[in-house]
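Some notes on the structure that comes next.
Read-outs: derived from the displayed coordinates by stated rules, not from any lab. Every value quoted in this text rests on a predicted model; they were computed, and no experiment measured them. Positions of Cβ are backbone-derived with ideal geometry, glycine not excepted, and every protein chain shown enters the neighbour counts.
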Amino acid sequence: MTTDTHRVIRPSILYFGTPVVLLTTENDDGSANLAPVSSAWALGQHVVLGLGTESQTARNLAARPDLVINVASPELWEKVERLAPLTGAHPVPESKRAVYRYEPDKFAAAGLTPAGSDLVGPPRVAECALQLEARARALTPGGAGLFLSVECEVLRVHADERIVVPGTQHIDPSRWSPLIYNFRHYHGLAPEVGHGFRSQTARVAAGAV
């Protein structure tokens, strides 16, 4: 006989361990907006993002689809958190005024460094070891108009050479770890427990390059 130890709950959020990315987009005046996002997932050479409809990032992508998806690593959590209460929307939307404040220069506020991109206008975040130049291909409203699902095509990947398996195009999972947002707490990855049957880096590690 088994005993069901589960109970029904209603969490305020459902970030059950999702990666943190820093999105750079272009404002109307040509300056860069920088925003942390904890709703991002990849499928092939596409990344899908979840954005609030009143965010400056959503407004920018509706007008100018280029962006950079900068994947944060655990040591950047404090800089990410500095960005969390900031918005590039001016005036601040009424629904956000109790929590957020306007900041035009988020790079400086977070202590991060812009770096030029190759194929898109918005800059990369120099401190992020993995940077994806991308273009938004579809913005789909959801949640009764509260959020957008944004499908982005990745155009170019920049990876710090220290996280690339030498002589390959592969990221080394033993050297790279994303920052994880786990029910509003920041985490790194725990030690590896195994690998998928399609892993190419596992064969590389075994000497079968």
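FRET efficiency for the V164 to T3 pair, using the beta carbon distance and R₀ = 35 Å, is estimated at 0.10.
Going by the alpha-carbon gyration tensor, a ≥ b ≥ c the square roots of its eigenvalues, is the chain rounded (a/c under 1.5) or, if a/c is not under 1.5, prolate (a/b greater than b/c) versus oblate?
Details: a/c = 1.78, a/b = 1.19, b/c = 1.49.
Cα axes put the chain in the oblate bin.
About the centre of its Cα atoms, the range 16-205 shows a dipole size close to 320 debye [charges on the beta carbon of Lys, Arg (+1) and Asp, Glu (-1) only; nearest 20 debye]. With contacts taken as Cα pairs under 8 Å at a separation of at least 6 residues, the range 110-196 carries a relative contact order of 17 percent.
Quick one: grab the alpha carbon gyration tensor of the range 1-94, order the square roots of its eigenvalues as a ≥ b ≥ c, and give me rounded if a/c is under 1.5, else prolate or oblate depending on whether a/b is larger than b/c. Please list the in-between numbers first.
Details: a/c = 2.15, a/b = 1.91, b/c = 1.13.
Prolate is the answer for the range 1-94, as a/c is 1.5 or above and a/b outweighs b/c.
Nearest 0.05, what FRET efficiency do E151 and D172 give at R0 = 35 Å with Cβ-Cβ as r? Before the final figure, lay out each step's value.
Details: r = 28 Å, r/R0 = 0.80.
Plugging the Cβ-Cβ distance into 1/(1 + (r/R0)^6) gives 0.80.
Under 1.5 on a/c is rounded, so check that first for the range 102-193, then, if it is not, pick prolate when a/b is larger than b/c and oblate when it is not; a ≥ b ≥ c are the square roots of the alpha carbon gyration tensor eigenvalues. Rounded.
Taking each DSSP H run with n ≥ 4 as -39500 (n - 2.57) and averaging over every residue of the chain yields -3000 deg cm²/dmol at 222 nm. Projecting the Cα positions of P141, P11, Y186 onto the charge dipole of the chain (unit charges on Cβ atoms of Lys, Arg, Asp and Glu, taken about the Cα centre) puts P11 furthest along the positive direction. Entry note, the chain: relative contact order of 23 percent, from Cα contacts under 8 Å with a spacing of 6+ residues.
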